[in-house]
Amino acid sequence: MATLNDNVFFAGISDLVKRLRAKEFSAVELTRAFCERLEKIGPTYNALAYSLKKEAIKQAKDADDEIKRERYRALQGIPYGVKDLVAVANHPTTWGAKPYADQVFDDNATVVNKLNKAGAICIGKLAMVELAGGGGYRYPSASLTGPGLNPWDRTRWSGGSSSGSGIAVAAGLVTFALGSETSGSILTPSAFCGVTGLRPSYGLVSRHGCMALSWTLDKIGPLARSAEDCAVVLQAISGGDSDDPGSAGKSFYYGPEYAKKPKDVVVGYAPADFEEWAEPPARPDLQNALSVVKSMGVQIKEVELPDFPYGAILSTVLNGEMGAIFEKLIRSGRVDELADKRQIAGLKASLELPASEYLKAMRVRSMVQDQIRRLFFNVDVLLAPTRMGPAPKVTDRLDAPSARPRPQSRGLNGLIPAGNLAGYPAISLPCGFAEKLPVAISFVGRPWFENQLVALGAAFQAQTDWHKRHPDFRVKLA
Amino acid sequence: MAITRRELAGLLAASAAVAAPQGDDEETRSAHEALEQNAQQLDKIPLPMATEPACHFKA
């Protein structure tokens, strides 16, 4: 058996595909090495929900057979993991929550079938915040598997709710992972763990077989090593699905040649985001990232988000839908088995939200969509820090109010809930370090504008190497 | 002092309620306050009657 260098664990998809086809190592060797690493390191960061090693090795043998016969597929032999709200047939899918610890589905989620078809090898279910945190959680420990620990510093949080997905990519336990976002759950762990994350347009990727938290907000998307890797995965998982009522029936094809050149792209940003909203330790690298974007030759325009209480709107929509989805859990009393008290109280209270309040929020959401659509008349993309600072401590209260004075200018503050309410895609790109922890910027684009987002992300990553950095793990595997 | 079984049960129930962790009540109150605060913020937005919810029924 070939000895795999540490660099394979942090290699990108195209590099691994090339090396597999060149028979530098086999898919079985690669899969076995990743599985051992995931099983050994994953639990120490609370990243692993369930290992799929046995099935993965079997799939890898098939991949090797195909490679021998020169029958190639886009993601052939590439090891990946899925957030534990994505169903893998006949294996536990816990949704990160004790009441569902023994739950097993008969069928794969559509995205797993699509990745199987592309030749990718699912090696594990990855830990997550319980029920994707819909009830509002107070502490990072709100998970069946414990708090997601940041691979850059174990005393810091990984971000959530796709915690295991962020950790596993950052720590080189998988080459890419799937996460889900209702409001920030792909972008946040991507930013805190220093990986690239892509939140697709609402409806581009099927959610069939995935836990529902909010039918009108949920999206499934990739976390990976680079913008281009995210594109390769998105191309494999996108497409219409009659089993998902929210499916837009659209596909994604990555063609950088069809994207506007940077000089033709108008980037909207708010100086206040980088100078006032950003936490002081994060400002130098965030501002440097802004300079890099400017140096790409893009046209820059200062903008502000329309004035709406985005958090309140999103929370009301989410409460209305989540209460209906988890009504049985709440009324049965099993909701009390969850780990986080605030989450429990939030889920219980969601049942008391009047229908009129939900509909009011959905009506205001129409106004938000209209206003954001108008904002994009003047710009092609928005640029902002993904999060205003690095990951908090794992023991920090996540709902503690900020001690810093609120800046005068609104800037693009609230872009995560606003973008999710409008269903717009976003890409998060690592752009530096604050307190030795990753920080990131995001581009947000119009619906179905993923090609442009990826092209901009790739241009940014061609000029920087933040996405290539990884925590120093030197683990001896038995 | 003589005490009936019913009175004893009442006393035990009351003391149990006092001993119950305050945390849960506080969390419940805080969750309701959050819903109320959201409602107050939404109330400030003028909504024309023609503004329909951002979801569409399909026949």
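What follows is calculated from the coordinates using simple rules that are stated; it is not laboratory data. Predicted, not measured: the structure shown is a model, and the values here were computed from it. For neighbour counting, all protein chains shown are included, and Cβ atoms are generated from backbone atoms with ideal geometry for every residue, glycine included.
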Item to complete: Pick out the long, greasy-scoring helices in chain A: whole DSSP H runs spanning 30 Å or more along their own axis by Cα, mean Kyte-Doolittle at least 1.6.
Response: none
Discussion item. Once you order the gyration tensor axes a ≥ b ≥ c over the Cα atoms, which shape class does the protein assembly as shown get: rounded for a/c under 1.5, otherwise prolate or oblate by comparing a/b with b/c?
Written reply: oblate
Discussion item. Applying a 10 Å radius around every beta-carbon, put A:28-36, A:437-445, A:324-332 in order of their mean neighbour count, most first.
Written reply: A:437-445, A:28-36, A:324-332
Item to complete: Just need the relative contact order of chain A here, percent rounded to a whole number, with Cα pairs under 8 Å and 6+ apart.
Response: 18 percent
Worksheet item: For the pair residue A:301 and residue B:59, how long in nm is the line joining their label points, each one 7 Å along Cα→Cβ?
Response: 4.0 nm
Item to complete: Based on other C-beta atoms within 10 Å, arrange A:137, A:50, A:72 from fewest to most.
Response: A:72, A:50, A:137
Worksheet item: How much of the DSSP beta bridge set in segment A:79-165 is antiparallel, as a percent to the nearest 5?
Response: 40 percent
Worksheet item: What number, in percent, do you get for the relative contact order of segment A:26-104 if the mean sequence gap of Cα pairs under 8 Å and at least 6 apart is divided by its residue count?
Response: 27 percent
Worksheet item: For residue A:220, what charge total do you get from the other residues with a beta carbon under 15 Å from its beta carbon, if Lys and Arg give +1 and Asp and Glu give -1?
Response: 0
Worksheet, complete the sentence: Of the convex hull drawn through the C-alpha atoms of segment A:398-478, the volume per residue in Å³ is 207 Å³
Worksheet item: Between segment A:110-172 and segment A:330-344, what is the C-alpha centre distance in whole Å?
Response: 21 Å
Worksheet item: What is the local net charge at residue A:164, summed over the other residues whose Cβ is closer than 11 Å to its Cβ (Lys, Arg +1; Asp, Glu -1)?
Response: +1
Item to complete: Assuming a ≥ b ≥ c are the square roots of the Cα gyration tensor eigenvalues, decide whether segment A:312-418 counts as rounded (a/c under 1.5), prolate (otherwise, with a/b larger than b/c) or oblate.
Response: oblate
Discussion item. Quick check: net charge around residue A:188, other residues with Cβ under 11 Å of its Cβ, Lys/Arg +1 and Asp/Glu -1?
Written reply: +1
Practice prompt. Would you work out if segment A:89-191 is rounded, prolate or oblate? Take a ≥ b ≥ c from the square roots of the eigenvalues of the alpha-carbon gyration tensor; rounded if a/c is under 1.5, else prolate when a/b is larger than b/c, oblate otherwise.
Written response: oblate
Worksheet entry | Amide proton proximity set for residue A:432, modelled H, under 5 Å, gap of 5+ | A:439
Response to the item:
The long-range amide H neighbours of residue A:126, using H built 1.01 Å from N in the peptide plane and a cut-off of under 5 Å, are A:49, A:82, A:83, A:84
Worksheet, complete the sentence: Placing each pseudo-label 7 Å from Cα in the direction of the beta carbon, residue A:24 and residue A:403 end up separated by a distance in nanometres of 4.8 nm
Response to the item:
So, relative contact order of segment A:262-380 in percent, Cα under 8 Å, 6 or more apart, is 35 percent
